[in-house]
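The values are calculated or read from the model by the stated rules, or taken from the named source; none is laboratory data. Quantities reported herein were computed from a predicted structural model and do not represent experimental measurements. Every residue, glycine as well, gets a Cβ built from its backbone with ideal geometry; the counts of neighbours run over all protein chains shown.
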Amino acid sequence: MAKTASKTNVQNRALLKAQQSICRFCGQKPEVVRVLTPAGKAQMFRKCCAAAGIAA
């Protein structure tokens, strides 16, 4: 979408929203959870990639 496009253009907004809601690694809808390691440190874990078989 060009920077000069109208903010009220519903089709462009829907297109941008659809592009943003796709995981850049697996291409599915992103699902991220916060997991604590045994050492007590917090990590972000992508469940969408694990379900797709990309990450363990």
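Given the options PRO30, PRO38, name the one that is at pLDDT 80 or above and surrounded by 10 or more Cβ atoms within 10 Å (Cβ to Cβ).
PRO30
Return yes or no: is VAL10 out of contact with any His (no Cβ under 7 Å at 6 or more places or on another chain), surrounded by fewer than 10 Cβ atoms within 10 Å (Cβ to Cβ) and of a type outside the set (Ser, Thr, Tyr)?
Here the answer is yes, as VAL10 does meet what is asked.
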